[in-house]
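S.K.: Got a structure for you, written out below as C-alpha cells; questions coming shortly.
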Amino acid sequence: MSIMSGASLSPPMTGCEAADRLIRRARRSFDDIVAAKERAQADVEAIANEMSAMVAAKGGVWQLTDTEGEIMVNAGGVVFPVSRRALLMPFMKRRYISVLLMHHAGGLPKDPDGHLYLETSSAYFEAFWDELTLYQTGRTDTVTLPASKASDPLYNDYHALFMSEISCYSAPQQTSAAATAAPMEVDGHTPDTQPADTSDEMQQHIRECEEALRAHGAAMVGLRAVRDDIQRFLTAMEPFFASRHAEDNAILSLTIHSRKVSIMRKSLERLGHNHPLLTRFSTTPPCFADRSVRQTPTKCFMAAVEFARCIATMPTERLIRPPLVEEGDKRHFVEDIEMYGLKYQPLCNGVTSGDFVIETAEEWGKVIDMTGKHSPTATLIYKSSRDTLSYASLFNKVVGKGGLLFAIKQGDTHRFGCFIDGEIEPPADPTETNQYRAPVVFFSLSGAYETPTKIELPEERQWVEVAGTQGAVEDPKWLPLANVAIARGYLCLGFAMPGPAADLSRCCQWIEEQQLPAEGYRGNRRWMASTDIDSLDYNGAVVGSLGSSFVFTCRELEVWHITAGTSC
C-alpha cells in the first residue's frame, strides 16, 4: 500500500517506552502528511472552481458541441458568416478571436437579429475574414494582414489583440521543465542526500512521497499557469463581452451616406456620459433627431468612430494611435475628429497624462519603423512622472520584457531615445552588474535633428550593462558610474562620477560624430579626450549629443514594451 493512500493506520504500542515514543512520532508525521494532502487537495479544488467560475461568468464552455457551419457575426454594423471549421484549424484554434467566438459565444452581446455582435471595426473584420477564407481553402498557411493594412493602427491594433494565443481551451497545458526537473527538498535533504543508514523500505517510502510531491508541484505550476492564461484572455476580451446592464449592451447605429455603422453604448460611455459622439449615436435625449450623417465625409466620420472604438476596447496602457489619413485629408479629419470630442494624438488607456515623449502619430509611425518590428504594438510599462525616478521602480517594471524603447525628454526642446531589441537582464547578485550583447539603435525626435532620425551603431556598441539594485555599472578603472549603461556608455541612466546618482533623472548621452547622420545635425560637438570622461570606455575623438548637453537632468523618462505583431 502506498504511503500516500490516506488509509487510517494506528500501529499498536509495544510497551517499550523508547519504541512507543518513536511510534507516536511516526504516527504524528503520517497525520501531518495526510493533513498536507488534504490542504493540497483543497488548493487544487479552489483553483479548479476559480477557473470554472471565471469561464462560466462570461458564457464560456470547455467542450464544443457545434463545430460545423457558420457563425453570423455582426462586426461594427456589417454581418459576416464566419466558418467554425476555419476557426478550429491548427493555426487559428488557439487565437483569442477563435476562442471568443467558439467557446464564449454565450457571453457576447447579440444584435436585434440574433447575430453575435463583436465590437470591432467592420473594415478590419472584413480584411481578417478575407484572409481567413484564404487560409481555410489552403491558399495560405497563415492569417495575416496585407502590408497596406498592417501599417494602419486601426487594423493592426485589433489584429494584434485577436491573434494573441491561449492554449488551455484547445490543448493540454505543457508543464515547465523547471517544475519537473528540480528535486524536491524534504527536511533539508534531497533524494540523493538522505541519511546513509536509512533502510531500503524507508527509502522506498521517502521516494514515493517525493515523487508524489514533485508530481503535485508540477501539476500545480501548470494549473496556475492555465488559470493565469484564462485570466489574461478574459481581461483582454472584457470590452467585447455583454454587460450585466442591458442598457449598456444597446447597439447604436447611424447611416453615413447610405453606409451603416454600429457601436455599443457602453463603448461610447467610456468616452464620457455627455460625449459628442454618444449624443450623435444616442436614440434617447439628448440626441440628434436626424439618424443620418450628411455633412461629414464618410471616411472622416468612420475613422472618428473607429478611433473611439479602439479607445474603448484596447487593453490598459496599450498605445492607441489615431488612424492613418492621406496628407491632403489630414486638416479636414482633424477638424471633424475634434468636433466629435477626440484629439488627433496617441493615447493610452489608464494613463492619466497624455504628455508623452513621442508626441504625434507621425512620430510614432517613424519610430516604430526604426525598431524593425513587424506590425508591433507598444505598451507603456514605465513613466517617470507616474512611477517615480527610482531605479528600483524602473527595474521592477522592465526586467523580463524584451523589446524596450527608452524615450527621454530634456527640457522643452530635446527628445530622443534608443531601442534595445532584447531584455534588461539583471545580475544574479544584486550587488553585481551584468554585461551582455543586445542590438541597439538610437533615435532623435527634436533638438539635435529637426525631424525624426535613426542613428545606427556599429557592432562593437551593441552592448547593455545593467547593475543590480544594490550595485553600480563601473568604468574601466572600477569606479561606480551609473545604474544602466547602453551601447557601452552612449547612454547612462542614474549617472554620476562617482555614481550611481540619487535617481535616474541624471543622465549622460553622447555618440561619436562619425556615427551621427551628418545631414540635419545641429547638436553639440566637442573633442572628448579619454581623460575627460575616461569612465565612458572612450579613447578620444569628436563627439556629439542628442541632448542639449552631454550630462543633463531629464524631464521625463518612458519605457515602452514593443511587441512584434504576429508574423503569421
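S.K.: How many residues are in contact (Cβ under 8 Å) with a residue 12 or more places away in the chain and within 25 Å of the chain's Cα centre (by Cα) if we restrict to segment 407-433?
M.R.: Going through segment 407-433 one residue at a time, the tally reaches 16.
S.K.: Same structure again: Which numbered condition in (1) of a type outside the set (D, E, K, R); (2) touching a Phe, Trp or Tyr at 6+ places or on another chain (Cβ under 7 Å); (3) modelled with pLDDT of 95 or more is the only one that GLY520 fails?
M.R.: Condition (3) is where GLY520 drops out.
S.K.: Right, another one. Give me a count of the residues in segment 363-399 that are without any contact (Cβ under 8 Å) to a residue 12 or more places away in the chain and in contact with an Asp or Glu (Cβ under 6 Å, 6 or more places away or on another chain).
M.R.: The total comes to 1.
Yes or no, residue by residue, for (1) of a type in the set (S, T, N, Q); (2) in contact with a Ser or Thr (Cβ under 8 Å, 6 or more places away or on another chain):
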residue: PRO322; (1), (2): no, no
residue: VAL325; (1), (2): no, no
residue: VAL334; (1), (2): no, no
residue: LEU347; (1), (2): no, no
residue: GLY350; (1), (2): no, yes
residue: ILE358; (1), (2): no, no
residue: THR377; (1), (2): yes, yes
residue: LEU380; (1), (2): no, no
residue: SER385; (1), (2): yes, yes
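S.K.: On to the next question. Cβ-Cβ distance below 6 Å, separation of 6 or more or different chains: which pairs start in segment 479-492 with a residue that is under 13 Å from PHE406 (Cβ atoms) and of a type outside the set (S, T, N, Q) and end on one that is assigned to a loop (DSSP other than H, G, I, E, B) and open to solvent by 10 Å² or more (accessible area, probe 1.4 Å)?
M.R.: ALA487/LEU457
S.K.: For segment 237-248, give me the residue count where each residue is open to solvent by 20 Å² or more (accessible area, probe 1.4 Å) and either at positive phi or not hydroxyl-bearing (Ser, Thr, Tyr) (or both).
M.R.: Within segment 237-248, residues that are open to solvent by 20 Å² or more (accessible area, probe 1.4 Å) and either at positive phi or not hydroxyl-bearing (Ser, Thr, Tyr) (or both) number 8.
S.K.: Spot the failing condition for MET220; the list is (1) more than 30 Å from GLN41 (Cβ to Cβ); (2) at pLDDT below 90, and only one is missed.
M.R.: MET220 satisfies every listed condition except (1).
S.K.: Looking only at segment 401-433, how many residues end up being under 17 Å from GLY544 (Cα atoms) and either surrounded by fewer than 21 Cβ atoms within 10 Å (Cβ to Cβ) or touching a helix residue (DSSP H, G or I) at 6+ places or on another chain (Cβ under 6 Å) (or both)?
M.R.: 1
S.K.: Okay, next question. Condition (residue is outside the structural domain of MET264 (by the TED database), open to solvent by less than 60 Å² (accessible area, probe 1.4 Å), under 26 Å from the mean Cα position of the chain (by Cα) and in contact (Cβ under 8 Å) with a residue 40 or more places away in the chain) applied to segment 29-47: is it met by at least one residue?
M.R.: Yes: segment 29-47 contains one or more residues that are outside the structural domain of MET264 (by the TED database), open to solvent by less than 60 Å² (accessible area, probe 1.4 Å), under 26 Å from the mean Cα position of the chain (by Cα) and in contact (Cβ under 8 Å) with a residue 40 or more places away in the chain.
S.K.: Now for a separate question. Restricting attention to segment 508-522, which residues are surrounded by 12 or more Cβ atoms within 10 Å (Cβ to Cβ) and in a helix (DSSP H, G or I)?
M.R.: Passing the criteria: GLU513, GLN515.
S.K.: Of the residues in segment 273-298, how many are within 15 Å of GLY76 (Cβ to Cβ) and not β-branched (Val, Ile, Thr)?
M.R.: Residues that pass the stated criteria total 2.
S.K.: Could you run through segment 404-452 and say how many residues are acidic (Asp, Glu) and touching a Ser or Thr at 6+ places or on another chain (Cβ under 8 Å)?
M.R.: So the answer is 1.
S.K.: Of the numbered conditions (1) open to solvent by less than 40 Å² (accessible area, probe 1.4 Å); (2) modelled with pLDDT under 95; (3) of a type outside the set (S, T, N, Q), MET92 satisfies every one except a single condition; which is it?
M.R.: (2)
S.K.: Being closer than 15 Å to PHE128 by Cα and assigned to a helix (DSSP H, G or I) is the filter here; which residues of segment 41-88 pass it?
M.R.: Correct list: ARG84, ALA86, LEU87.
S.K.: If you don't mind, there's one more thing I want to ask. Checking ALA501 against (1) modelled with pLDDT under 95; (2) within 35 Å of the chain's Cα centre (by Cα); (3) in a strand (DSSP E or B), which test does it fail?
M.R.: Only one criterion is unmet by ALA501, namely (3).
S.K.: Please count how many residues of segment 549-563 are outside any strand (DSSP E or B) and of a type outside the set (Ser, Thr, Tyr).
M.R.: The number of residues fulfilling the criteria is 3.
The values are calculated or read from the model by the stated rules, or taken from the named source; none is laboratory data. Because the structure is a prediction, the values reported are computed rather than measured. Virtual Cβ from ideal backbone geometry, glycine too; neighbours counted across all protein chains shown. Surface areas here come from the heavy atoms of the whole protein model, side chains and all, with no ligands, DNA or RNA. Shrake-Rupley method; radii C 1.70, N 1.55, O 1.52, S 1.80 Å.
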